[in-house]
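Scroll down for the structure; my scribbles are underneath it.
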Amino acid sequence: NNEQSVPQLLIRDLKFEKPLAKLMFSPDQENHPSKAPVKYGELIVLGYNGSLPNGDRGRRKSRFALFKRPKANGVKPSTVHIACTPQAAKAISNKDQHSISYTLSRAQTVVVEYTHDSNTDMFQIGRSTECPIDFVVTDTVPGSQSNSDTQSVQSTISRFACRIICERNPPFTARIYAAGFDSSKNIFLGEKAAKWKTSDGQMDGLTTNGVLVMHPRNGFTEDSKPGVWREISVCGNVFSLRETRSAQQRGKMVENETNQLQDGSLIDLCGATLLWRTAEGLSRTPTVKHLEALRQEINAARPQCPVGFNTLAFPSMKRKDVVDEKQPWVYLNCGHVHGYHNWGNKEERDGKDRECPMCRSVGPYVPLWLGCEAGFYVDAGPPTHAFSPCGHVCSEKTTAYWSQIPLPHGTHTFHAACPFCAHQLAGEQGYIRLIFQGPLD
């Protein structure tokens, strides 16, 4: 097959219809804002393409919306007690009042009581399924198809990992703090946890594996650039990273940065990474309706397999895990899109690497999947590029952005990963431009 003799089709050459722009905006904007509850934002877990493998249930799901509560449940620090015995500390921290206990030694514990704050709402995130946790998060296993894949892993996510405090009045600022209150409304930092007295006499500390946050530069837009990963303390102060996740020595305090979340902030809980999207940011993000329209637009162009000349089509969003017979496949080294075929499958190549019939380049050959989680898109551009090696397809600017982000992995390494399945990216760029063949008629 001579590559030049067939009509090549880059998806960006398709003439996308203007009405698509109307589909871009989130359904929130179609409702009357006066009747709808105030939405502070949403947390989306990286590695899930629109829902958990076994479906979203209750507080365990792939994305969680934070709405203004009917009644404020926020808390703020008040009285500080210094207790000389653990018994005295227990007596101080009564179950009806929120408190944080800092064990300095067997002889001394500092208990900070927290009082009700009528101006804020508190949301708690962690691995525990106890009542105080609003959003239950389990460890993300890259590319796992069912929750049974994840159960055997010893979890590194804290049972009460972090809390987000949202202002109930505009501009509805959201702030993140390490650690969450347990069923007895207590946060307990044991003897081994990193903790210290601040210059103004208050206490602060870090949780075992830490809560890391990265705010992108230029917001969450097509101009976004990765920011710097920081660690957030129990009191919401910002620090440079420790040498490893659970090192005793804290990093340096970063005075000019805050724990305020912004659109596109990433929160890492050591086992799962969450993306924070503000309500305003989501209103500028493509909707599932928009992504569906883009899918139909590609399929309407009738791209063909250059070997079998059969028409290719992306399966519907609901069938995003089952390989369809019309499914497009791609050679990851060159980007040529085909239907599934056995051409060039030389036995000595252990079945993974294949030779592209169009250009003879040798490399992995994988099925293509549309990225269905709209919250990960930095723009509403057509799906022209795919992550390597997983084959998740989205806009060029979205692949370019995520391929630059070093996501925490384990206790001291970082690597770029596909936001839709959490697979570590491979190849020079971590993504490839797709080259489709147009119909021959």
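The values are calculated or read from the model by the stated rules, or taken from the named source; none is laboratory data. Note that the coordinates shown come from a computational prediction; the quantities given were computed from them, not determined experimentally. With ideal geometry, Cβ positions are generated from the backbone for all residues, glycine too; neighbour counts draw on all protein chains shown. Heads up: the accessible areas ignore ligands, DNA and RNA and are worked out on the full protein's heavy atoms, side chains in. Shrake-Rupley method; radii C 1.70, N 1.55, O 1.52, S 1.80 Å.
The table below lists the values:
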quantity: Restricting region 329-343 to residues that are assigned to a loop (DSSP other than H, G, I, E, B) and open to solvent by less than 60 Å² (accessible area, probe 1.4 Å), the residue that is farthest from F387 (Cα to Cα); calculated: H341
quantity: Residue within region 355-365 that is closer than 27 Å to L291 by Cβ, in contact with a Leu (Cβ under 7 Å, 6 or more places away or on another chain) and either buried (at least 18 other Cβ atoms within 10 Å of the Cβ) or of a type outside the set (D, E, K, R) (or both) present; calculated: yes
quantity: Every residue from region 168-202 that is within 22 Å of R245 (Cα to Cα) and not in a loop (DSSP other than H, G, I, E, B); calculated: R175, I176, Y177, A178, I187, F188, L189, K195, W196, K197
quantity: Criterion (at positive phi and in contact with a Lys or Arg (Cβ under 8 Å, 6 or more places away or on another chain)) met by exactly one of G375, G335, G427; calculated: G335
quantity: Cβ-Cβ under 6 Å pairs, at least 6 apart or on other chains, region 302-331 side closer than 21 Å to E373 by Cα and of a type outside the set (A, V, I, L, M, F, W, C), far side open to solvent by 60 Å² or more (accessible area, probe 1.4 Å) and in a loop (DSSP other than H, G, I, E, B); calculated: none
quantity: From K289, K252, K326, residue being of a type in the set (K, R), surrounded by fewer than 22 Cβ atoms within 10 Å (Cβ to Cβ) and closer than 30 Å to A178 by Cβ; calculated: K252
quantity: Single residue of R302, R242 found to be open to solvent by 10 Å² or more (accessible area, probe 1.4 Å), assigned by the TED database to the domain that holds I187 and of a type outside the set (A, V, I, L, M); calculated: R242
quantity: Of all residues in region 305-320 being out of contact with any helix residue (DSSP H, G or I) (no Cβ under 7 Å at 6 or more places or on another chain) and either outside the structural domain of E373 (by the TED database) or under 20 Å from Y377 (Cβ atoms) (or both), the one that is modelled with the highest pLDDT; calculated: P315
quantity: Filter result (on the phi < 0 side of the Ramachandran plot, open to solvent by 10 Å² or more (accessible area, probe 1.4 Å) and in a loop (DSSP other than H, G, I, E, B)) within region 209-219; calculated: N209, H215
quantity: Qualifying residue in region 225-237 (condition: assigned by the TED database to the domain that holds D121, modelled with pLDDT under 95 and either buried (at least 22 other Cβ atoms within 10 Å of the Cβ) or more than 23 Å from the chain's Cα centre (by Cα) (or both)); calculated: no
quantity: Strands (runs of 3 or more DSSP E) (entirely within region 369-438) containing at least 1 residues that are touching a Pro at 6+ places or on another chain (Cβ under 7 Å) and surrounded by fewer than 21 Cβ atoms within 10 Å (Cβ to Cβ); calculated: 413-415
quantity: Restricting region 187-208 to residues that are polar (S, T, N, Q) and surrounded by fewer than 19 Cβ atoms within 10 Å (Cβ to Cβ), the residue that is modelled with the lowest pLDDT; calculated: S199
quantity: Residues of region 17-43 classified as out of contact with any Phe, Trp or Tyr (no Cβ under 7 Å at 6 or more places or on another chain), open to solvent by less than 80 Å² (accessible area, probe 1.4 Å) and modelled with pLDDT of 50 or more, total; calculated: 2
quantity: Selection within region 254-303 - closer than 30 Å to F160 by Cα and of a type in the set (G, A, S); calculated: G264, S265, G271, A272, A279, G281
quantity: Scope region 396-425; condition in contact (Cβ under 8 Å) with a residue 60 or more places away in the chain and under 18 Å from C334 (Cα atoms); matching residues; calculated: E396
